[in-house]
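This report concerns only the one structure given below.
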Amino acid sequence: MTAPKLALAATPVSEAPVDAIVVGTIQNGSGAVLAPGSEAVDAAFDGKLTEVLGALGATGKADEIVKIPTLGKLKAAVVVAAGLGKPGADGAVTAEQVRRASGAAARALLGSRSAASTLSTVDLQGAVEGTVLGAYSFTAYRSEGTRPELAKVDLAAPAEGTTKDHRATLKAATAIAEAVATARDLVNTPPNDLYPASFADRAAALAKSLGLEVEVLDEKALKKQGFGGILGVGVGSTRQPRLVRITYKGAKARKRVALVGKGITFDTGGISIKPAANMEQMTSDMGGAAAVIASVVLAAKLKYPLEVTATVPMAENMPSGAAYRPGDVLTMYGGKTVEILNTDAEGRLILADAIVRAGEDDPDYLIETATLTGAQVVALGNRTSGVMGSDEFRDRVAAIARATGEGGWAMPLPEELRADLDSRLADLANVTGHRWGSMLAAGVFLAEFVPEGLPWAHIDIAGPAYNAGAPWGYSGKGATGVPVRTIAAVLADIAENG
């Protein structure tokens, strides 16, 4: 997609020569009240905009959109009232509420060319991110014409802060939203076009456009260096695996951060094949890889004072005469051996190799993300990621995830589950012999490959990475780009606080 051009409004929004003006509504009992910033628009309706909205049934609930023709009262042809939902106990709405309302408004404006928004007076960053992400559409494979994209949005400046501050917020928030869109584009690309080699090429091109260091290992290099997990998973496909490493070195880097993301470009389950129903959604099984690639590029754009390296294993998990089997034993990068009990527990195998390789860089922190387990969806639903790892850093990442609006919940790594991963042949098995605590068992497995004492967090995004249902807020159907905003916020927090 081409993101709309966002700018701080040079004139009052009520006077803007645009197709539509967006105002916010807040849920107040059974009715709606106007959010701050809407005063001039309300005045054009002789102070009766709330009354008009009420007559049309507006309640101000989240994701509600009500359109009102202006009948010449404003230069814009229509006012779009976007519901923010209920305010908090302090009477205020959150950045995430603004983000969702802005996204819903942007989705409703597809087909319009220009708009102005007052939601930015409530929270500028939320309005920017919501607008860009709500306007997102993936049309690369459409043969017929599509509706015009929203090209330009003017944002009313908040009353507090300086113009310089507002421009900085606009620039950073736009870069973050565009990074999310990059991850969405990668995930939405079908697997016949996005496979390990082509994925590696696209990742390298993104990195090289900003002058970042790139290393790509093909199947021969992977075999020579002993990446048994990546090779084991990828050997069943005619499209061989890759390992991509992208490094950004910021000026006066204060900390070194390792990012690892699961890059299964399509997952059939291998010999332990998945049911046919919904298997097409397994095109999203490289959502973690897409997120960390977008994040390291974003770190360079925002010039974080950090050294960030993304280590990204890429493979296609296919059944064939060459595929790995239940009962096989793989020797992982670093020497540990793993007995395969289920070839559909493949993500942890390629991640284990990547985690060990990332650990060789002696990072201060490790953040790893993957569409790893269906058990995450069972435990936490489709919008809340499970966060595991070392206790302090795990809690820090989970709290930041919630603050960004992407959602995250700290989960334990119970010691007793390690015994369930004991193997009769190898150092450990890739799954337990039961389904209880499967998300946690996957985390326990990964912990076996994390260097001792390294603060790390694993973010399971099996549900949040892909929206198979109806659009909501700033999330359309398909890839969501989770957890790019979480990773960006964690990197910013590390840059500021160590």
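Here is how the numbers come out for the structure above:
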quantity	calculated
Residue tally, condition of a type in the set (A, V, I, L, M) and without any contact (Cβ under 8 Å) to a residue 60 or more places away in the chain, over region 194-224	8
Hits in region 397-411 - residues which are of a type outside the set (A, V, I, L, M, F, W, C) and touching an Asp or Glu at 6+ places or on another chain (Cβ under 6 Å)	G405
Residue in region 39-60 that is closer than 23 Å to V132 by Cβ, within 33 Å of the chain's Cα centre (by Cα) and assigned by TED's automatic domain parsing to the domain that holds D123 present	no
Selected residue (only one of G335, G389 is within 23 Å of A429 (Cβ to Cβ) and surrounded by fewer than 17 Cβ atoms within 10 Å (Cβ to Cβ))	G335
V292 vs. criteria among the β-branched types (V, I, T), buried (at least 24 other Cβ atoms within 10 Å of the Cβ), touching a Gly at 6+ places or on another chain (Cβ under 6 Å) and not in a strand (DSSP E or B)	yes
Members of region 364-383 that are buried (at least 22 other Cβ atoms within 10 Å of the Cβ) and over 13 Å from K262 (Cβ atoms)	Y365, L366
Residues that are among the hydroxyl-bearing types (S, T, Y) and part of a strand (DSSP E or B), drawn from region 453-486	Y466, S475
Candidate set: region 145-186, residues that are in contact with an Asp or Glu (Cβ under 8 Å, 6 or more places away or on another chain) and small (G, A, S); chosen: the one surrounded by the fewest Cβ atoms within 10 Å (Cβ to Cβ)	A173
Strands (runs of 3 or more DSSP E) enclosed by region 11-76 - at least 3 residues per element that are crowded, with 20+ Cβ neighbours inside 10 Å and touching a residue at least 24 places away in the same chain (Cβ under 8 Å)	20-28
In region 358-386, residue nearest to the chain's Cα centre (by Cα) [restricted to those that are within 18 Å of A290 (Cα to Cα) and hydrophobic (A, V, I, L, M, F, W, C)]	A370
Condition broken by M439, with the remaining ones in (1) under 15 Å from the mean Cα position of the chain (by Cα); (2) not in a loop (DSSP other than H, G, I, E, B) satisfied	(1)
Candidate set: region 466-488, residues that are touching a Pro at 6+ places or on another chain (Cβ under 9 Å) and under 17 Å from I176 (Cβ atoms); chosen: the one surrounded by the fewest Cβ atoms within 10 Å (Cβ to Cβ)	T480
Residue among G347, G335, G321 that is more than 21 Å from Q225 (Cβ to Cβ), small (G, A, S) and assigned by TED's automatic domain parsing to the domain that holds V257	G321
Subset of region 235-259 (residues that are assigned to a strand (DSSP E or B), buried (at least 24 other Cβ atoms within 10 Å of the Cβ) and either among the small types (G, A, S) or out of contact with any Leu (no Cβ under 6 Å at 6 or more places or on another chain) (or both))	R242, V244, A258, L259
Qualifying positions in region 352-371 - hydrophobic (A, V, I, L, M, F, W, C) and either touching a His at 6+ places or on another chain (Cβ under 8 Å) or part of a strand (DSSP E or B) (or both)	L366, I367, A370
Subset of region 83-114 (residues that are of a type in the set (S, T, N, Q) and outside any loop (DSSP other than H, G, I, E, B))	Q97, S102, S112, S114
Qualifying residue in region 173-193 (condition: outside the structural domain of G476 (by TED's automatic domain parsing), more than 30 Å from R242 (Cα to Cα), touching a helix residue (DSSP H, G or I) at 6+ places or on another chain (Cβ under 8 Å) and touching a residue at least 12 places away in the same chain (Cβ under 8 Å))	yes
Criterion: of a type in the set (A, V, I, L, M, F, W, C), part of a loop (DSSP other than H, G, I, E, B) and in contact with a strand residue (DSSP E or B) (Cβ under 7 Å, 6 or more places away or on another chain) - qualifying residue of V490, V450, V431	V450
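The values are calculated or read from the model by the stated rules, or taken from the named source; none is laboratory data. This is a predicted model, so every value here is computed, not measured. With ideal geometry, Cβ positions are generated from the backbone for all residues, glycine too; neighbour counts draw on all protein chains shown.
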